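Trainee: For reference, the structure I am asking about is given below.
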Amino acid sequence: MSPRHIVSASDLTKNELYELFQSAAAHKRNLEIGKGILPSLRHKILASVFYEPSTRTRFSFESAMKRLGGDVISTENAEQFSSAAKGESLPDSIQVISGYADVIVLRHKTNGAAQEAARVSEVPLINAGDGTNEHPTQAFLDMFTIWEAGKVRLPRRGLHVLFYGDNKRGRTVKSLARLLATHAESAEVDIDRITFGGLQDLGDVGPEVTAFLEANGIEVANCGNVPATDADVVYLTRSQKERPMSSGTEGVIDYVSYGPEQASLLPEHAIIMHPLPRTELELPKSLDSDQRSFYFPQAKNGTPVRMALLEFVKQ
Ligand code: NCD
């Protein structure tokens, strides 16, 4: 059987995503009541191979594996501490690591790196973010958060989602926007409109994603640097200043924060999300006490969702 890689947010069918959410919800309940968890991945090993910094993604994957009774081998700065420093290619490293582990979680700075790695991996390879391209597991947990909010506060039909920040270079935005356009019914919500915005040209997600959304029946708009006020879901992102702009220059463009003033214009039922890490520039701490702020529960959902995903890809 060929391994079940997760390179893109579209690698799960609608049914699979729905089942993933059911399983994640069960894990979440168990975690909340402190109930012992069945060691479904006992004797399995996860290799976390990170060529870029990470807090949430790496820790929640490693926590997920350990909570399922499995073990973890990892390198958090693979550029420096793996044989990449000696000039080994990514495919060579992955081929070798796939002989030592049952699943690989890879984060890399290059677009397409996860696809390249999956081609040689003998075990499931999970993309934990590749350059400005995709971050599928973040999109799964983001959708899971929307699914949960849909049960208690969001309208079920005709949702309007605002992505505000660095949509050009933000990989979480691209994976989630695509997933919303094709898999919203897995989260039992219905998306009509997606608006992009941010300062200068960072707000524009680009023609490829826009065309994809439109081809899937989503009405796409751009609100420039004035955030839309009628959004049901607001998804903020920081300026990805470590990533070069397409012109080749370092993209140090900061933008005005999305503060309590903007949030106060949103409907009461709206939720404000952010993949984190945040900076005060786009999301000040003063918003944390707003009942619409969902970014910390969103981050916490990383563990149960990744537990469900590790069980799903298990060979
Ligand atoms: C995001 C990422 O790495 O793309 N972080 C995360 O995984 N939660 C967002 C970011 O770095 O801005």
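Trainee: Name the single residue, out of those in the range 271-312 being more than 12 Å from the ligand (Cβ to nearest atom) and small (Gly, Ala, Ser), that is nearest to the chain's Cα centre (by Cα).
Mentor: So, considering only residues that are more than 12 Å from the ligand (Cβ to nearest atom) and small (Gly, Ala, Ser), the one nearest to the chain's Cα centre (by Cα) is Ala308.
Trainee: Need at least 2 residues that are open to solvent by less than 10 Å² (accessible area, probe 1.4 Å) and modelled with pLDDT of 90 or more per element, so show me which helices (runs of 4 or more DSSP H) inside the range 238-315 make the cut, counting only ones lying wholly within it. Outline the logic, then answer.
Mentor: Working: elements: 260-263, 295-300, 302-313.
Counting at least 2 such residues, we get 295-300, 302-313.
Trainee: Please work out which residue is surrounded by the fewest Cβ atoms within 10 Å (Cβ to Cβ), limiting yourself to the range 224-237 and to residues that are in contact (Cβ under 8 Å) with a residue 40 or more places away in the chain and away from the ligand (no atom under 16 Å from the Cβ). Show your work before the answer.
Mentor: Residues of the range 224-237 that are in contact (Cβ under 8 Å) with a residue 40 or more places away in the chain, as a first pass: 227-228, 230-237.
If we keep only those that are away from the ligand (no atom under 16 Å from the Cβ) as well, we get 227-228, 230-233.
Numbers: Pro227: 22, Ala228: 20, Asp230: 12, Ala231: 25, Asp232: 24, Val233: 27.
Among residues in the range 224-237 that are in contact (Cβ under 8 Å) with a residue 40 or more places away in the chain and away from the ligand (no atom under 16 Å from the Cβ), the one surrounded by the fewest Cβ atoms within 10 Å (Cβ to Cβ) is Asp230.
Trainee: Identify all residues within the range 7-39 that are among the charged types (D, E, K, R) and part of a loop (DSSP other than H, G, I, E, B); write none if there are none.
Mentor: Filtering the range 7-39 down to residues among the charged types (D, E, K, R) leaves 11, 14, 16, 19, 28-29, 32, 35.
If the condition is that a residue be among the charged types (D, E, K, R) and part of a loop (DSSP other than H, G, I, E, B), then Lys35 is the only one that fits.
Table: residues versus (1) in contact with a His (Cβ under 9 Å, 6 or more places away or on another chain); (2) open to solvent by 60 Å² or more (accessible area, probe 1.4 Å); (3) in contact (Cβ under 8 Å) with a residue 60 or more places away in the chain.
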residue: Glu185; (1), (2), (3): no, yes, yes
residue: Asp192; (1), (2), (3): yes, yes, no
residue: Phe196; (1), (2), (3): no, no, no
residue: Leu199; (1), (2), (3): no, no, no
residue: Asp204; (1), (2), (3): no, yes, no
residue: Asn216; (1), (2), (3): no, yes, no
residue: Asn222; (1), (2), (3): no, yes, no
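Trainee: Going by the conditions given, is Phe163 within 16 Å of the ligand (Cβ to nearest atom), closer than 29 Å to Pro284 by Cα and either part of a strand (DSSP E or B) or among the basic types (Lys, Arg) (or both)? Before you say what the answer is, go through the steps one by one.
Mentor: Values: within 16 Å of the ligand (Cβ to nearest atom): yes; closer than 29 Å to Pro284 by Cα: yes; either part of a strand (DSSP E or B) or among the basic types (Lys, Arg) (or both): yes.
Criteria met by Phe163.
Trainee: Say we look at the range 86-112 and pick out the residues that are part of a helix (DSSP H, G or I) and not small (Gly, Ala, Ser); which of these is nearest to the ligand (Cβ to nearest atom)? Spell out how you get there, then give the answer.
Mentor: To start, the set of residues in the range 86-112 that are part of a helix (DSSP H, G or I) comprises 86, 90-97.
Now restrict to residues that are not small (Gly, Ala, Ser): 86, 90-92, 94-97.
Values: Lys86: 26, Leu90: 18, Pro91: 22, Asp92: 25, Ile94: 20, Gln95: 25, Val96: 25, Ile97: 21 Å.
Out of the qualifying residues, it is Leu90.
Trainee: Give the residue, chosen from Arg119, Arg58, Arg4, Arg42, that is open to solvent by 40 Å² or more (accessible area, probe 1.4 Å), of a type in the set (Lys, Arg) and in a helix (DSSP H, G or I).
Mentor: After ruling out the rest, the residue left standing is Arg119.
Trainee: So, Lys168, is that one farther than 21 Å from Ser293 by Cα, within 13 Å of the ligand (Cβ to nearest atom) and part of a loop (DSSP other than H, G, I, E, B) or not?
Mentor: Working: farther than 21 Å from Ser293 by Cα: yes; within 13 Å of the ligand (Cβ to nearest atom): yes; part of a loop (DSSP other than H, G, I, E, B): yes.
So Lys168 passes the test.
Trainee: If you don't mind, another one. Tell me the residue from Ala64, Ala78 that is open to solvent by less than 10 Å² (accessible area, probe 1.4 Å), modelled with pLDDT under 95 and within 16 Å of the ligand (Cβ to nearest atom), please.
Mentor: Values: Ala64 fails: modelled with pLDDT under 95.
Residue meeting the stated conditions: Ala78.
Trainee: Related question: Would a scan of the range 197-216 turn up a residue that is in a strand (DSSP E or B) and either more than 16 Å from the ligand (Cβ to nearest atom) or over 20 Å from Val305 (Cβ atoms) (or both)?
Mentor: Going residue by residue through the range 197-216, those that are in a strand (DSSP E or B) are 197.
Checking the rest, the ones that are also either more than 16 Å from the ligand (Cβ to nearest atom) or over 20 Å from Val305 (Cβ atoms) (or both) come to 197.
Yes, some residue in the range 197-216 is in a strand (DSSP E or B) and either more than 16 Å from the ligand (Cβ to nearest atom) or over 20 Å from Val305 (Cβ atoms) (or both).
The values are calculated or read from the model by the stated rules, or taken from the named source; none is laboratory data. Predicted model, so just to flag it, every value in this text is computed and none were measured. When we count neighbours, we look across all protein chains shown, and the Cβ atoms used for this are built from the backbone with ideal geometry, even at glycine. Remember, those area values only see protein heavy atoms, side chains included, never the ligands or the DNA or RNA. Shrake-Rupley method; radii C 1.70, N 1.55, O 1.52, S 1.80 Å.
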